[in-house]
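Beneath this line is the structure, given in structure tokens, with notes to follow.
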Amino acid sequence: MVEFQETRTKEIFGEKKTDNTILYYSLMIITVLVLFLFIILANYKNSIYNFPFYKYEYEKNGIYTKFDKAIVDNATINLFLYLNNNQENITSQFFSERDKLHLIDVKHLIKLSKIVYAIVLILFLLSLFALFYFYKHKFKKSFAKILIIASLLYIIIFIAIAVNQTNETFQKKFIDIHYTLFDNDYWILDPEKDNLINLFPQQFWYDIVEKILKDTLLYAIFLLIIGVNIFIYVYLKNKFFTAKNKSNSIH
């Protein structure tokens with residue numbers, strides 16, 4: 001009976017003395033980090049071309065009162081097509097030459113973000129496969145831990161950001177990020193000449209960042225629930241087989 005219990009426990013919980021702990025925890029850390037990045041990038045990817053959200057922001061920020069609604073919507077669609085690499089140049093006359101110069105840099109950054117997104121997704125799948133291949137006996141428990149840890153990590157960071165975030169701190173970070181990402185001053189726009197800054201005032205960026213963070217929080221909570229349920233399932237399954245084996249041994 002004892003031998004059966006030990007074998008069953010090893011199958012479910014992976015309590016093997018021969019496991020390579022360095023490799024196991026390395027894979028666990030990598031998988032947690034790439035999952036953490038993946039859920040953020042996935043929500044960024046979903047938000048960047050979310051036209052209904054843009055229209056909501058235009059209404060909120062009074063853009064439709066400054067410019068004709070049809071012109072703004074057409075300029076936005078034109079912008080989406082350009083940034084998503086569906087057309088080579090911006091054809092809309094709504095944007096100034098300086099706007100277009102800045103948007104060249106923005107397009108490069110979006111291309112880079114797509115590459116990073118693909119790399120993160122591939123790393124996540126590869127690390128999961130490696131965990132399954134080398135530690136199949138405890139893959140379910142490990143997967144549950146990955147979901148739980150990555151989700152809790154994001155939730156903690158989200159709370160820290162929410163507590164400390166103000167319009168003033170966002171403005172400072174917003175400027176600092178531009179200095180970091182761009183090696184020119186094309187991003188410094190004049191609202192009298194450049195419509196890009198009129199279309200997307202700082203409030204827009206504050207709102208879209210908030211949306212991405214909140215949407216990612218929902219993803220994190222969902223993954224946390226899945227992880228906890230898998231963990232409970234594995235635990236109860238082990239308890240069931242242990243109890244069943246005890247019952248069989250008595251009879």
Q | Qualifying positions in the range 83-98 - more than 28 Å from the chain's Cα centre (by Cα), under 16 Å from F200 (Cβ atoms) and of a type outside the set (F, W, Y) | A | I90, S92, S96, R98
Q.
I'm trying to understand the selection: among the residues of the range 17-34, which are of a type in the set (D, E, K, R) and either at pLDDT 95 or above or within 11 Å of F134 (Cβ to Cβ) (or both)?
A. D19
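Looking at I221, is it touching a Leu at 6+ places or on another chain (Cβ under 8 Å), outside any loop (DSSP other than H, G, I, E, B) and modelled with pLDDT of 95 or more?
Values: touching a Leu at 6+ places or on another chain (Cβ under 8 Å): no; outside any loop (DSSP other than H, G, I, E, B): yes; modelled with pLDDT of 95 or more: yes.
So I221 fails the test.
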Q) Limited to the range 45-59, what total is found for residues that are modelled with pLDDT under 95 and either of a type in the set (S, T, Y) or more than 20 Å from the chain's Cα centre (by Cα) (or both)? A) 2
Q) Can you name the condition, by its number, that L125 falls short on among (1) surrounded by 14 or more Cβ atoms within 10 Å (Cβ to Cβ); (2) at pLDDT 95 or above? A) (1)
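Matching residues to (1) under 17 Å from I30 (Cα atoms); (2) of a type in the set (D, E, K, R):
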site: V106; (1), (2): no, no
site: K111; (1), (2): no, yes
site: V116; (1), (2): yes, no
site: I119; (1), (2): yes, no
site: I122; (1), (2): yes, no
site: L125; (1), (2): yes, no
site: L128; (1), (2): yes, no
site: F132; (1), (2): yes, no
site: K136; (1), (2): no, yes
Q | Count - residues of the range 176-209 that are among the charged types (D, E, K, R) and in contact with an Asp or Glu (Cβ under 8 Å, 6 or more places away or on another chain) | A | 2
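Answer yes if at least one residue in the range 109-116 is hydroxyl-bearing (S, T, Y) and either within 21 Å of N20 (Cβ to Cβ) or surrounded by fewer than 18 Cβ atoms within 10 Å (Cβ to Cβ) (or both), and no otherwise.
Pass one, the range 109-116, residues hydroxyl-bearing (S, T, Y): 113.
Subset that is either within 21 Å of N20 (Cβ to Cβ) or surrounded by fewer than 18 Cβ atoms within 10 Å (Cβ to Cβ) (or both): 113.
Yes: one or more hits.
When you check F134 against the structure, is it under 30 Å from N20 (Cβ atoms) and at pLDDT below 95, yes or no? Show your work before the answer.
Values: under 30 Å from N20 (Cβ atoms): yes; at pLDDT below 95: yes.
Answer is yes for this residue.
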(Q) Looking at (1) loosely packed, with under 13 Cβ neighbours inside 10 Å; (2) among the aromatic types (F, W, Y); (3) at pLDDT 95 or above, which one does Y179 not meet, given that it meets all the others? (A) (3)
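Could we say that L123 is closer than 12 Å to L196 by Cβ and of a type in the set (A, V, I, L, M, F, W, C) here? Let's see the steps before the verdict.
Working: closer than 12 Å to L196 by Cβ: no; of a type in the set (A, V, I, L, M, F, W, C): yes.
No, not satisfied.
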Q) Could you say whether any residue in the range 192-203 is within 30 Å of V72 (Cα to Cα), in contact (Cβ under 8 Å) with a residue 12 or more places away in the chain and under 21 Å from the mean Cα position of the chain (by Cα)? A) no
Q. Is at least one residue of the range 171-182 farther than 21 Å from F38 by Cβ and in contact with a His (Cβ under 7 Å, 6 or more places away or on another chain)?
A. no
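The values are calculated or read from the model by the stated rules, or taken from the named source; none is laboratory data. This is a predicted model, so every value here is computed, not measured. A quick note on method: Cβ atoms are made from the backbone with ideal geometry, for glycine too, and the neighbour counts reach across all protein chains shown.
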